1. Please sort 116-127, 329-340, 237-248 by packing, taking for each peptide the average over its residues of neighbouring beta carbons within 10 angstrom, highest first.
2. Using R₀ = 35 Å, calculate the FRET efficiency as 1/(1 + (r/R₀)^6) where r is the Cβ-Cβ separation of Asp157 and Arg90; round to 0.05.
3. Find the accessible area per residue for the stretch 117-186; the probe is 1.4 Å, ligands and nucleic acids are left out, and the unit is Å².
4. Does anything in the stretch 186-202 have its amide N under 16 Å from the 7 Å Cα→Cβ label point of Leu255, and if so which residues?
5. For the chain, what's the relative contact order in percent, using C-alpha pairs closer than 8 Å and at least 6 residues apart?
6. At 1.4 Å probe size, with every protein chain present, just tell me what the per residue accessible area of the stretch 45-95 comes to in Å².
7. List the residues of the stretch 237-254 whose backbone N lies under 18 Å from a point placed 7 Å from the Cα of Arg182 along the Cα-to-Cβ direction.
8. Over the chain, what percent of the accessible surface lies on carbon and sulfur atoms, probe 1.4 Å?
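The values are calculated or read from the model by the stated rules, or taken from the named source; none is laboratory data. Computed from a predicted structure; not experimentally measured. Reconstructed Cβ throughout: ideal geometry from the backbone, glycine too, with neighbour counts over all protein chains shown. Note: areas computed on protein heavy atoms with side chains; ligands, DNA, RNA excluded. Shrake-Rupley method; radii C 1.70, N 1.55, O 1.52, S 1.80 Å.
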Amino acid sequence: MTATAFAPATEERLALARQVADAVLFEGYVLYPYRASAAKNRLRWQFGVLVPPAWGADCEEHDFQHTECLMEPKPGATLAVEVRFLHTRRRAVQRALSDGDFETVAELHLDDRVLVPWDEGAEERVELVTPVGQLLGDGVELPFRKPAVEDTEPVLDAAGRTVGRLVRRGAEVSGVVRLSARELDGPYRTMRLTAVVENTTPWTAAEDGAADRDAALPHSLVATHLLMALDAGSFLSMTDPPEWAKGAVAACRNLHTWPVLAGEPGRADLVLSSPIILEDHPAIAPESLGALYDATEIDEILALRTAALTDEEKREARGTDARAAAVIDLADSMPAEVLERLHGAVRGLREVTGESAGFPDEFGVRRPDTPWWDPASDAGFDPEHDRAMVDGRPVGKGSRVELRPGLRHTDAQDLFLQGRTATVEAVLHDVDGTVHLAVTVDGDPGADIRREQGRYLYFQPDEVVPLEDPR
C-alpha cells in the first residue's frame, strides 16, 4: 500500500464523484441566512463528525466509521481510496491599534462586511493505493496526521490601510485508515471489503479546560467520507444487489456511514461511503449554479430569500465566511432567466391510461369534479392539544416516548434513533388522515433550536412506545 497520487484515469473518475462528495463535505456548512448570529449556525457540523476518542466515550458521537461492501475485482486489480474531511480552524478577529499592536474584538466593521469570529472548515484528504491482494488476511493500515496550523490574514479598508487581521488556528488531528478484504464462499469471485476510518487524536478535555462539543470540534474529523475506486473490476450495489448477493449484502456491517455506487451511471467501479444516506449514482441537479449548503432541491427559494436580505444582513453574511460571501454574490448577480431554470424540471415522463374524472385544463390535465381536500377541515385540529392513542394510551404534547422506527423503511437515517427516547412536541394530521407525532430527541443539544424554528422529527404512532411521563 502506498500513500501517493492517483493514476490519471483514476483521478478523472474521482473528479466526477467529488461533485457529489463536495455536497456531503459541506452539507450544512453555513445555512441561510448565512450569518454567524443565526440560531441555526450556532450548532454546526451535523454529519460525519469523528470526535477524538476521549470525547467520544462521553457523548453520542463516534470516533470511527465502519464501511463494508461487496466487490468483484479482476486478477491484479488495485484499489484507490480517498478519505475526505474538514479540519476545523477557529478564526479570531483582531483590530489594529495605533501603536502597531492588535486586540481581539467581537466584530470589526468594514464598508462591505462585518467580520466576526467563526469556525472555518479546511478540506483535508488522505489518499492511498493498494493491490487488492494485499487486503486479504489482516489487511493494511495507513496512519495519518494533520499538524496544527496558525496563520494571519491582514484586513484592509477601502483605502488599503491595515485596520485589523484574522488569526486562524487549527489543532493537530491524527487518524488511521484500515482496509481488509475476505473472499466469500460460493461460485462467484466476490469479496467483502472493509474500510474503517478512525480518529486517534490524543486530546483530552483537560487540555482546553472544557468538556463540551465545542472544545472537541477542532480535534475532530468533520463530514468524513470515503471514495473507493477499482482499476479493474466492479462493486455491487448495496441498495439494489443481484438476487444471489442479497444475503451477503445483508450480512455487511455499516456503522455511521453508507456506501453507494458513484460516478457515471452504468458504471460500478466507484463507491462513495457517506454519513448521509444517498441513492446509487447520486448527482447534483444541472440547474444548480452553486453550493447553497441547504440541499439542491430548494435552490430557487434560497436564492430568492438570499437576494431579499437587507444590506446590513448581507454585510454580516459576507463577514461570516468566504463561502457565505460567494452565496450572497451569486444571488445578487443571478440573471432572471437563470433563476427561471430553478423553478422546476421534468426528470421523467410516464404514460397514464384509463378514464379520469373532470375536464382537462389548458395544459391537458384532467381535474376532479370535487376538491380532493376541504381547507375548512383544518379548523378541527389543534397540534398543541390534540392527543393520539398509542397502545391504548393518549399521547400528546409533552408526552415521552421511545422511538421504534423502521416499520415502513422510508428513511434509513431514522434507524439511527432506534431505542432513543423523545418528547412529543405536537400531534399533526395530514390531508390523507394520517397522524404524525412531531418530536425532539432527548439529549439532543439542538432541541431548543428545533423548537424555536419548528424543525422536528416526525414519526407515526405505531413507530413509538409510550413511556411513563414524570409528574
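1. Working: 116-127: 17.9, 329-340: 12.8, 237-248: 14.4.
The densest-packed peptide leads the list: 116-127, 237-248, 329-340.
2. Values: r = 25 Å, r/R0 = 0.70.
After rounding to 0.05, the efficiency reads 0.90.
3. Numbers: 3560 Å² over 70 residues.
Roughly 51 Å² per residue, with all protein chains present.
4. Only 194-200 pass the distance filter.
5. Details: 940 pairs, mean separation 78.1, N = 471.
Relative contact order, the chain: 17 percent.
6. Details: 1710 Å² over 51 residues.
Heavy-atom SASA per residue in the stretch 45-95 reads 33 Å².
7. Within reach of a label on Arg182: 245-254.
8. Values: 12570 of 24400 Å².
C and S fraction of accessible area: 52 percent.
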